[in-house]
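Trainee: Quick one: this structure, given as structure tokens, is what I'll be asking you about.
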Amino acid sequence: MAYTATLEEEKKEIAKRYKHMLEDTYETLSKEDKVLIRKAFDLAAEAHKDQRRKTGEPYIFHPIAVTKIVANEIGLGANSISAALLHDVVEDTEYTFADLEQIFGETITKIVNGLTKISRIQSDQDVSIQAENFRKMLLTLNDDVRVILIKIADRLHNMQTLGSMRADKQVKIASETLFIYAPLAHRLGLYNIKTELEDLGLKYTEPEVYNDIFNKITDSKEEQEIYIESFTNTIKESLDKEGFKYVIKGRTKSIYSIRKKMQNQGVSFEEVYDKFAIRIIYDAKLKEEKFDAWKIYSIITDHFSPNPKRLRDWITQPKSTGYESLHITVMGPKGKWVEVQIRSSRMDEIAEKGYAAHFRYKHGTQKESGLEDWINKLRESLENPDINAIDFVEQFKLNLYAKEIYIFTPNGDIKSLPKGSTAIDFAFAIHTEVGTHCRAAKVNGKLVQLSYVLKSGDQVEIITAANQKPKLAWLDIVKTARAKSKIKSTLKEDEKIIANEGKEILNRKLRHLKIKFNEKTINELVNFFSLKTSFDLFYRIGNGSIDNLQLRKYANQKSNALVHFFKSKIKRSTAIKEDVIYDEVSKNYDMLVFGKNEEKLQYSIAKCCKPIPGDSVFGFVTINEGIKVHKHNCPNALSMQSQYAYRVITAKWIDSSQQGFKASLDITGIDNLGLVNEVTKVISSNLSVNITSLNISGDEGFFQGKITVHIKNNKQLNSLIQQIKKIEGIEKVTRNT
């Protein structure tokens, strides 16, 4: 429908929208606040007066709509409201940041500056650049969390008016919203906004699915209202009798969440049993809130049978977002399961408005403070240059949506972690040093493996050792972004030490081969071994992956200058092509291993999905062609995994230079007191060497034994053998092949 309003009608509409912009918060604003907001509105209206939206409407409609969300749905104060009105002024008009600072001061200008930085991020780029930009966007959290809150409001209004955009733009913006903004709104406690963003995202990415569910909800709305009234009437009398002041609301679950349940459970719309929830919001004094919640719970369960597996108590232990509520699922009238949410008026406001409301109650007038703990956890990951941008986004999103568990320290303090976290995650949650030197863990007083998956209510004690360091295998165990980031950072430091040693070793070996150690030689070696950087070269020399024999091959080839010239050209060409094909994810992932023991087996790449190094994959044992490797998201994966599960084997890409292996050592010698202790001490003091089995027997002063260790490479094994031989009483140490 074409926009046809006259100039006079537009002025009246702008005045009307401005009036409604602050309808829920007007009474809470001071006189000074109102003057500030009016000044911001007047400047924004003047700056945008000649601009139009794609619908033909005046551009000022957009800042007013964003501000309405900021003020009423998020509940921010005068500075945020003013910044929301001004958020596009510097980007789209002739006003500068200096102008804004002179008129509105430093705080508002800083927020507008943060919003302008985000708006300048180009998202028509490949996924790795988008991921890096997302990290940069989140860095604005360090400056002022209000930037992100206003940006989410801006995105919500853009989604609400997405109908005027081209179809391809709609899909792109909606996908980005589901990828980044909805999870972020969820983590900030903006549940209403998150729900709307998800539903609108689905509307444009899967319109047929969205419309189908929407129509079915609409068709069943009358029946649902009758059912809610029936449920409500049953408990009203009991609530009134106890003197509660309350409101009962029925709400349909979001279209997006219904769609997710249909997908996850493999059911139709009709088979989703909890499509709506009933919310009981009661008035209570702060000290009586918890008591009253359980009293209402008791009244409901007097009338309806509860499902004990579906009780969620976020009043005793609120979510880290500040969310508090008691959720129960009961068998309602006509044999239908109904979710009932019990919360006070204060809890309801926090649930609706997230952190802004939470910190208003917690800190009085400091409406916009808070989030410090969460931002501090993020900051280390955000500013870590070593972490891969795509890995960061995936980890970040995982932590945004993760359900929480609550773990007790030995002293009884509570730590919140994402569901699925392990003992190592808990160790890093305590302190980086505790995580780095974590050797073992006790859960509820019992010694467990570090990979033990924690459950809510576990009490965990971490045992540390000064010589313990993180291992590469830990990255497959941990769940939290913090732990992953710290492990990667420590491994990087160890790699740097090995690389520095490798550089010195290479210098000596090249001198022996009468080859100059210079930039040209290093570049030739990098190309010769099909590596990407000089660091990769030094690291592989240092850990023994590249030995003397391989260096001699390079030296022999170098003697024929012409052959070397052509081969190095080919190598460079190949390296360039690989750089184009593989992004950071595939860097150094050059070997596939299979099964729990990570064995090297013969395989071929499936043509249907063509996985490349770094992809998430699995192996499928075919009848005639051996093992075929498929991506986990291969179109045929679901069929193979469901029909032929017994032929599916786990597989993953690894860095061959860091691939560990088991080695068995036969040891003989004279049986001295404390000899076994000396042997195990030497082995455990070696970096990243673990004893996997130990069998030693003595007879009349002579002893023999077999020890199996997990080792990184031959160089490390040979070093270990030499150290064991130095122990008094040891006569012979041989590797059992």
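Trainee: Residue by residue through the stretch 236-256, note down the ones that are farther than 14 Å from Asp283 by Cβ and touching an Asp or Glu at 6+ places or on another chain (Cβ under 8 Å). If you could, list the steps in order and put the result at the bottom.
Mentor: First, pick out the residues of the stretch 236-256 that are farther than 14 Å from Asp283 by Cβ: 236-238, 241, 249-256.
Within the stretch 236-256, Ser238, Gly250, Lys253, Ser254, Ile255, Tyr256 qualify.
Trainee: Something else: Return only the number of the condition from (1) more than 21 Å from Pro611 (Cβ to Cβ); (2) surrounded by 13 or more Cβ atoms within 10 Å (Cβ to Cβ); (3) modelled with pLDDT under 80 that Ile654 does not satisfy.
Mentor: (1)
Trainee: So, one more: Looking at Arg146, is it modelled with pLDDT of 80 or more and surrounded by 17 or more Cβ atoms within 10 Å (Cβ to Cβ)? Give the derivation first.
Mentor: On the way: modelled with pLDDT of 80 or more: no; surrounded by 17 or more Cβ atoms within 10 Å (Cβ to Cβ): yes.
So Arg146 fails the test.
Trainee: Continuing with this model, one more query. Give the number of residues within the stretch 53-100 that are of a type in the set (A, V, I, L, M) and over 23 Å from Glu23 (Cβ atoms).
Mentor: Step one: list which residues in the stretch 53-100 are of a type in the set (A, V, I, L, M), which gives 60, 64-66, 69-71, 74, 76, 78, 81, 83-86, 89-90, 98, 100.
Among the residues that remain, those that are also over 23 Å from Glu23 (Cβ atoms) are: 89-90, 98, 100.
Qualifying residue count for the region: 4.
Trainee: Being buried (at least 22 other Cβ atoms within 10 Å of the Cβ) and farther than 25 Å from Glu598 by Cα narrows it down to one of Ala465, Ala427, so name that one.
Mentor: Working: Ala465 fails: buried (at least 22 other Cβ atoms within 10 Å of the Cβ).
None of the other options fit; the residue is Ala427.
Trainee: Among the residues of the stretch 81-108, which ones are modelled with pLDDT under 90, surrounded by fewer than 16 Cβ atoms within 10 Å (Cβ to Cβ) and either of a type in the set (Val, Ile, Thr) or not assigned by TED's automatic domain parsing to the domain that holds Ala47 (or both)?
Mentor: Thr96, Thr107
Trainee: Suppose we keep only residues that are among the charged types (D, E, K, R) and out of contact with any Leu (no Cβ under 8 Å at 6 or more places or on another chain) within the stretch 418-438. Which one would you say is farthest from Thr464 (Cα to Cα)? Talk me through it step by step, then tell me what you get.
Mentor: Taking the stretch 418-438 and keeping what is among the charged types (D, E, K, R), we get 419, 425, 433.
From what is left, the residues that are out of contact with any Leu (no Cβ under 8 Å at 6 or more places or on another chain) are 419, 433.
On the way: Lys419: 24, Glu433: 9 Å.
The extreme case among them is Lys419.
Trainee: Any residue at all in the stretch 598-615 that is under 30 Å from Lys631 (Cα atoms), of a type in the set (Gly, Ala, Ser) and either outside any loop (DSSP other than H, G, I, E, B) or modelled with pLDDT under 75 (or both)? Reasoning before the result, please.
Mentor: First, the residues of the stretch 598-615 that are under 30 Å from Lys631 (Cα atoms): 598-615.
Filter once more, so that each one left must be of a type in the set (Gly, Ala, Ser): 604, 606, 614.
Next, from what is left, pick out any that are either outside any loop (DSSP other than H, G, I, E, B) or modelled with pLDDT under 75 (or both): 604.
For the stretch 598-615, residues under 30 Å from Lys631 (Cα atoms), of a type in the set (Gly, Ala, Ser) and either outside any loop (DSSP other than H, G, I, E, B) or modelled with pLDDT under 75 (or both): present.
Trainee: Scanning for something touching a strand residue (DSSP E or B) at 6+ places or on another chain (Cβ under 7 Å) and at pLDDT 75 or above, does the stretch 580-591 turn up at least one residue? Before the answer, list the steps.
Mentor: So the first thing to find is which residues in the stretch 580-591 are touching a strand residue (DSSP E or B) at 6+ places or on another chain (Cβ under 7 Å), and the list is 589, 591.
Retained after the next criterion (residues that are at pLDDT 75 or above): 591.
Looking through the stretch 580-591, at least one residue is touching a strand residue (DSSP E or B) at 6+ places or on another chain (Cβ under 7 Å) and at pLDDT 75 or above.
Trainee: Can you pull out every residue in the stretch 9-24 that is part of a helix (DSSP H, G or I) and either out of contact with any strand residue (DSSP E or B) (no Cβ under 7 Å at 6 or more places or on another chain) or over 16 Å from Ala44 (Cα atoms) (or both)?
Mentor: Glu9, Lys11, Lys12, Glu13, Ala15, Lys16, Arg17, Tyr18, Lys19, His20, Met21
Trainee: Please determine, by comparing only the residues of the stretch 683-700 that are surrounded by fewer than 16 Cβ atoms within 10 Å (Cβ to Cβ) and not polar (S, T, N, Q), which one is modelled with the lowest pLDDT.
Mentor: Taking the candidates together, the pick is Leu687.
Trainee: Do you know which of the residues in the stretch 54-69 that are under 18 Å from Asp42 (Cβ atoms) and among the aliphatic types (A, V, I, L, M) is surrounded by the most Cβ atoms within 10 Å (Cβ to Cβ)?
Mentor: Within the stretch 54-69, the subset under 18 Å from Asp42 (Cβ atoms) is 58-68.
Imposing the further condition that a residue be among the aliphatic types (A, V, I, L, M) reduces the set to 60, 64-66.
Details: Ile60: 24, Ile64: 22, Ala65: 20, Val66: 26.
Step by step, filter the stretch 54-69, then rank; the result is Val66.
Trainee: Farther than 22 Å from Gln224 by Cβ, at pLDDT 85 or above and part of a helix (DSSP H, G or I): does that describe Lys309?
Mentor: Numbers: farther than 22 Å from Gln224 by Cβ: yes; at pLDDT 85 or above: no; part of a helix (DSSP H, G or I): yes.
The answer is no for Lys309.
Trainee: Report, by residue number, each residue of the stretch 93-106 that is free of Cβ contacts under 8 Å to residues at least 40 places away in the same chain and part of a helix (DSSP H, G or I).
Mentor: Listed by number, the residues that qualify are Phe97, Ala98, Asp99, Leu100, Glu101, Gln102, Glu106.
Trainee: From the list Ile69, Ile111, Ile118, exactly one residue is among the hydrophobic types (A, V, I, L, M, F, W, C) and at pLDDT 90 or above. Which is it?
Mentor: Ile69
Trainee: Of the conditions (1) surrounded by 18 or more Cβ atoms within 10 Å (Cβ to Cβ); (2) among the basic types (Lys, Arg); (3) farther than 16 Å from Gly420 by Cα, Lys446 clears all except one; give me its number.
Mentor: Against the list (1) surrounded by 18 or more Cβ atoms within 10 Å (Cβ to Cβ); (2) among the basic types (Lys, Arg); (3) farther than 16 Å from Gly420 by Cα, Lys446 comes up short only on (1).
Trainee: Asp124 is checked against (1) at pLDDT below 90; (2) assigned to a helix (DSSP H, G or I); (3) acidic (Asp, Glu) and fails just one. What number does that condition carry?
Mentor: Result: Asp124 fails condition (2) only.
Trainee: Let me ask you something else. Just to verify a result, which residue in the stretch 256-287, among those that are assigned to a loop (DSSP other than H, G, I, E, B) and touching a residue at least 60 places away in the same chain (Cβ under 8 Å), is surrounded by the most Cβ atoms within 10 Å (Cβ to Cβ)? Walk me through how you get there before you give the answer.
Mentor: Within the stretch 256-287, the first condition is being assigned to a loop (DSSP other than H, G, I, E, B), and the residues that meet it are 266-268, 272-275, 283-285.
Filter once more, keeping what is touching a residue at least 60 places away in the same chain (Cβ under 8 Å): 273-274, 283-284.
Details: Tyr273: 13, Asp274: 15, Asp283: 13, Ala284: 21.
Taking the candidates together, the pick is Ala284.
Trainee: Also, quick follow-up: From the set of residues in the stretch 188-201 that are crowded, with 23+ Cβ neighbours inside 10 Å and in contact (Cβ under 8 Å) with a residue 24 or more places away in the chain, which is nearest to the chain's Cα centre (by Cα)? Can you show your working first?
Mentor: Looking only at the stretch 188-201, we keep the residues that are crowded, with 23+ Cβ neighbours inside 10 Å, and these are 188-190, 193-194, 197-198, 200-201.
Applying the additional criterion that residues be in contact (Cβ under 8 Å) with a residue 24 or more places away in the chain yields 188-190, 193, 197-198, 200-201.
Values: Leu188: 14, Gly189: 16, Leu190: 18, Ile193: 20, Leu197: 19, Glu198: 18, Leu200: 23, Gly201: 20 Å.
Result: Leu188.
Trainee: Quick check: is even one residue across the stretch 169-189 at pLDDT below 90 and in a loop (DSSP other than H, G, I, E, B)? Explain how you work it out, then say what you get.
Mentor: Of the stretch 169-189, the ones at pLDDT below 90 are 169-189.
Adding the requirement that they be in a loop (DSSP other than H, G, I, E, B) leaves 188-189.
Within the stretch 169-189 (the criterion being at pLDDT below 90 and in a loop (DSSP other than H, G, I, E, B)), the answer is yes, since at least one residue qualifies.
Trainee: Output the number of the condition that Ile235 fails; it satisfies all remaining conditions of (1) surrounded by fewer than 17 Cβ atoms within 10 Å (Cβ to Cβ); (2) in contact with a His (Cβ under 9 Å, 6 or more places away or on another chain).
Mentor: Failing condition for Ile235: (1).
The values are calculated or read from the model by the stated rules, or taken from the named source; none is laboratory data. None of these values were measured; they are calculated from a predicted model. Don't worry about glycine lacking a Cβ; one is built from the backbone with ideal geometry, like all the others, and counts go over all protein chains shown.
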